[in-house]
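To start, the structure itself, in structure tokens.
The values are calculated or read from the model by the stated rules, or taken from the named source; none is laboratory data. Quick caveat: nothing in here was measured; it's all calculated off a predicted structure. Because the Cβ atoms are built from the backbone with ideal geometry, glycine has one as well, and the counts that use them run over all protein chains shown.
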There are 2 protein chains.
Amino acid sequence: MTSITIIGTGTMASAIADVASAAGADIQVLGTSEEKARVLAGRVAGTAGTVGDDVTGEIVVLAVPYPALATIADTYGTRLDGRVVVDITNPLDFATFDSLVVAADGSAAAELQVALPGARIVKAFNTNFAGTLSSRELGGDPTTVLAAGDDESARQAVLDLATAAGLAAADAGTLRRARELEALGFLQLTLAASERITWNGGFALRR
Amino acid sequence: MTSITIIGTGTMASAIADVASAAGADIQVLGTSEEKARVLAGRVAGTAGTVGDDVTGEIVVLAVPYPALATIADTYGTRLDGRVVVDITNPLDFATFDSLVVAADGSAAAELQVALPGARIVKAFNTNFAGTLSSRELGGDPTTVLAAGDDESARQAVLDLATAAGLAAADAGTLRRARELEALGFLQLTLAASERITWNGGFALRR
């Protein structure tokens with residue numbers, strides 16, 4: 001089975017730890033708070049540390065808010081070269097809830113690929129609410145993880161992790177499609193914030 | 001019940017005619033080919049005419065490809081003032097299938113609102129494949145119609161039409177959200193074109 005490092009200890013970090021645990025992955029959790037990392041790692045029989053520690057996972061999930069990506073890229077730099085690095089962020093302007101803060105023709109994931117040119121960036125999990133990852137179901141069907149990235153084997157590694165956890169998975173193509181995944185994540189957040197859907201709902205992909 | 005004018009006679013025009021028929025709406029079909037309009041109108045007990053004829057519907061659905069919107073706006077101009085005008089287009093660059101042809105921070109619907117300032121533009125149906133409108137189901141559940149527009153009552157009129165037809169409906173907010181609806185439609189088209197989903201599949205919205 002694969003190994004995964006989760007950077008972050010919040011709701012999404014916890015939900016992705018549940019997915020990784022269900023997939024039987026070796027799990028490392030790194031937090032700004034070692035205490036919180038230890039609590040989360042303990043729940044999924046993983047190891048814990050703080051941000052800046054060497055990552056042990058083949059897949060490194062940056063389960064942090066968008067503004068923290070730049071700091072993590074600075075902290076790790078070339079130490080993430082060759083790794084599958086997963087960006088899960090929805091770079092919303094939370095002041096207005098009416099636009100994204102990244103360039104209209106870009107994406108947070110594309111920015112991260114520029115900041116970490118040696119890493120194999122994959123956009124994934126940003127279209128899944130935490131509850132639908134932990135429960136692994138959305139409206140009675142398996143939750144679908146969408147992944148986009150320029151490295152096909154990296155993309156596949158994330159899709160395989162999802163599938164191994166009992167989730168559905170769909171290849172969304174190259175990193176250019178991260179723009180559309182972020183639009184989808186944004187739209188879904190506005191629907192939940194305006195109570196048109198619940199935080200256990202969202203977009204399900206039907207074949 | 002409401003009245004609807006469908007401009008166009010293709011696959012999406014036919015599917016939206018099925019929806020309007022299921023909703024019990026009075027239907028007018030206008031085509032560039034009067035013959036094709038007559039065939040489609042005949043199937044749903046509507047009236048037929050050619051593009052340029054006065055519209056009789058309170059809701060006017062422009063069931064045409066994106067490049068035809070400008071021509072229709074030129075043809076009708078202020079004659080569409082006050083009408084609920086529905087843009088269903090996905091303005092893809094079909095040469096590359098890798099981007100949209102509208103401004104990255106805009107949408108086809110926003111362009112149409114500029115071209116027809118007196119009309120009440122609603123973006124809708126662009127996230128629904130034709131088959132899922134005609135059958136009114138997606139993976140065993142009612143197909144969901146998403147609608148965005150700056151005029152709340154116009155948006156609601158489209159959502160009410162969908163609901164009356166037995167579809168699910170969700171208010172996606174102002175016309176600015178048309179950008180995200182077009183991104184969603186684009187993503188869905190790339191998934192179908194690459195055979196990750198079928199043309200009877202797509203994104204379902206779960207509450």
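Results, tabulated for the structure shown:
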quantity	calculated
Close pairs (7 angstrom Cβ cut-off, 6 or more residues apart or separate chains): in contact (Cβ under 8 Å) with a residue 40 or more places away in the chain in region A:184-207, of a type in the set (D, E, K, R) and assigned to a loop (DSSP other than H, G, I, E, B) anywhere	A:201/B:207
Test for residue B:153: is it over 22 Å from residue B:120 (Cα atoms) and out of contact with any Phe, Trp or Tyr (no Cβ under 7 Å at 6 or more places or on another chain)	no
The lone exception for residue B:35 - which of (1) closer than 29 Å to residue A:173 by Cβ; (2) of a type outside the set (Gly, Ala, Ser); (3) without any contact (Cβ under 8 Å) to a residue 12 or more places away in the chain it fails	(1)
Checking residue B:95 against (1) more than 17 Å from residue B:173 (Cα to Cα); (2) at pLDDT 95 or above; (3) more than 14 Å from chain A (Cβ to nearest Cβ), the condition it does not meet	(2)
Members of region A:100-119 that are touching a Leu at 6+ places or on another chain (Cβ under 7 Å) and within 11 Å of chain B (Cβ to nearest Cβ)	A:100
Filter result for residue B:173 (out of contact with any Leu (no Cβ under 8 Å at 6 or more places or on another chain), modelled with pLDDT under 95 and not charged (D, E, K, R))	no
Matching residues, region A:35-75, being in contact with a Gly (Cβ under 7 Å, 6 or more places away or on another chain) and farther than 23 Å from residue A:145 by Cα	A:37, A:50, A:51, A:75
Region A:13-41, residues that are more than 21 Å from residue A:131 (Cα to Cα) and surrounded by fewer than 19 Cβ atoms within 10 Å (Cβ to Cβ)	A:26, A:32, A:33, A:34, A:35, A:38
Residue check, residue B:174 within 9 Å of another protein chain (Cβ to nearest Cβ) and within 10 Å of residue B:122 (Cα to Cα)	yes
In region A:186-200, the residues that are facing chain B (nearest Cβ under 7 Å) and within 18 Å of the chain's Cα centre (by Cα)	A:186, A:187
